[in-house]
């Protein structure tokens, strides 16, 4: 598998970002983070834990279900 795609959405109540990927063979990965900066790190860690070392996808795509807003100030 060359690439997997996580769906990323924001929980309206808590404001956390929820990233999830469903494994076609069953199971999957879900992680919650507080901000965009933490998202990449947590997703990489989760993928490394889920796959055997020789099977880790080379690319992880993040598909945002809503557009993220970055606060400038």
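Here, each number is a calculation from the coordinates, and none is a lab measurement. This structure is a prediction, so every number in the text was calculated from the model and none was measured. Positions of Cβ are generated from backbone atoms using ideal geometry, with glycine treated the same way; all protein chains shown enter the neighbour counts.
General observations
- Filtering the stretch 6-37 to residues that are assigned to a loop (DSSP other than H, G, I, E, B), at negative phi and in contact with a helix residue (DSSP H, G or I) (Cβ under 9 Å, 6 or more places away or on another chain) leaves only 23.
- If you go through the stretch 42-57 and pick out every residue that is surrounded by 10 or more Cβ atoms within 10 Å (Cβ to Cβ), assigned to a helix (DSSP H, G or I) and touching a strand residue (DSSP E or B) at 6+ places or on another chain (Cβ under 9 Å), you end up with 7.
- Across the stretch 62-73, the qualifying residues are those that are under 13 Å from the mean Cα position of the chain (by Cα) and exposed (fewer than 13 other Cβ atoms within 10 Å of the Cβ), and the one among them that is nearest to residue 15 (Cα to Cα) is 65.
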